[in-house]
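**Q** One structure follows; several queries about it will come next.
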């Protein structure tokens, strides 16, 4: 947590946390262009309070990106430390990280978020930490013989990016089922000894701009 946040009074920090939580919910559904008034309403604060904490949309997006990246890194590290195998850690990261899903959706669909991740030093540092953990998970899963050896971190990252894109179905229950089935198919394709050769060479994190 940054000094800027830890230095806030309890009520001010509570307002800030409520605003960021509401923004994350709205951004996940409608993207970062949702009206600020809607975010304030969902957070249970006035618009004036929102703008005192976040003077513009960019500041709010930056806060969401930083928090989601911080949680994503912690989740990935916990998966690697707690799961009995690296493969299970990889499955846990791909299936459970809502925060990472939000980051991917923001940075693949919205230029402001892309710019923030690129230009903000704290976000860039967290992004590098996330890539490092994912790299460790991928290579550990390969070393234990569970993950096919003709892929690399860039391949896994691109597959995850495809998985978290919104499913074009109106019924949310069916959409969630579709996501689960697609995830299961992707994971099955990542297993060692799958049998179908892949074209070209494995994609590294650098290949896909990570």
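Table: residues versus (1) surrounded by fewer than 16 Cβ atoms within 10 Å (Cβ to Cβ); (2) modelled with pLDDT of 90 or more; (3) over 22 Å from the mean Cα position of the chain (by Cα); (4) in a helix (DSSP H, G or I).
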| position | (1), (2), (3), (4) |
| --- | --- |
| 4 | yes, no, yes, yes |
| 24 | no, yes, no, yes |
| 32 | no, no, no, no |
| 67 | no, yes, no, yes |
| 95 | yes, no, no, yes |
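Residue by residue, here is whether (1) closer than 27 Å to residue 139 by Cα; (2) in contact with a helix residue (DSSP H, G or I) (Cβ under 6 Å, 6 or more places away or on another chain) holds:
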{"position": "41", "(1), (2)": "no, no"}
{"position": "64", "(1), (2)": "no, yes"}
{"position": "75", "(1), (2)": "yes, no"}
{"position": "81", "(1), (2)": "yes, no"}
{"position": "86", "(1), (2)": "yes, yes"}
{"position": "99", "(1), (2)": "yes, yes"}
{"position": "103", "(1), (2)": "yes, yes"}
{"position": "107", "(1), (2)": "yes, yes"}
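**Q** When you scan the range 41-62, how many residues do you find that are part of a helix (DSSP H, G or I), surrounded by 14 or more Cβ atoms within 10 Å (Cβ to Cβ) and either within 23 Å of the chain's Cα centre (by Cα) or modelled with pLDDT under 90 (or both)?
**A** Summing the residues that are part of a helix (DSSP H, G or I), surrounded by 14 or more Cβ atoms within 10 Å (Cβ to Cβ) and either within 23 Å of the chain's Cα centre (by Cα) or modelled with pLDDT under 90 (or both) in the range 41-62 gives 7.
**Q** Scan the range 179-210 for residues that are farther than 17 Å from residue 97 by Cα and either modelled with pLDDT under 85 or out of contact with any strand residue (DSSP E or B) (no Cβ under 9 Å at 6 or more places or on another chain) (or both) and report the count.
**A** 21
**Q** Scan the helices (runs of 4 or more DSSP H) fully inside the range 102-195 and keep the ones with 2 or more residues being free of Cβ contacts under 8 Å to residues at least 60 places away in the same chain and within 15 Å of residue 210 (Cα to Cα).
**A** The helices (runs of 4 or more DSSP H) meeting that bar are 111-119, 121-143, 153-163.
**Q** Given the options 41, 16, 9, name the one that is within 30 Å of residue 133 (Cα to Cα) and out of contact with any strand residue (DSSP E or B) (no Cβ under 7 Å at 6 or more places or on another chain).
**A** It is 16.
**Q** Quick one: would you say residue 72 is under 15 Å from the mean Cα position of the chain (by Cα) and without any contact (Cβ under 8 Å) to a residue 60 or more places away in the chain?
**A** Yes, satisfied.
**Q** Taking the condition of being surrounded by fewer than 19 Cβ atoms within 10 Å (Cβ to Cβ) and within 16 Å of residue 105 (Cβ to Cβ), how many residues in the range 69-82 meet it?
**A** Qualifying residue count for the region: 1.
**Q** Please give the number of the condition residue 114 fails out of (1) under 26 Å from residue 128 (Cα atoms); (2) surrounded by 15 or more Cβ atoms within 10 Å (Cβ to Cβ); (3) touching a helix residue (DSSP H, G or I) at 6+ places or on another chain (Cβ under 7 Å).
**A** Exception for residue 114: condition (2).
The values are calculated or read from the model by the stated rules, or taken from the named source; none is laboratory data. None of these values were measured; they are calculated from a predicted model. Glycine gets a Cβ as well: all are built from the backbone with ideal geometry, and neighbour counts include every protein chain shown.
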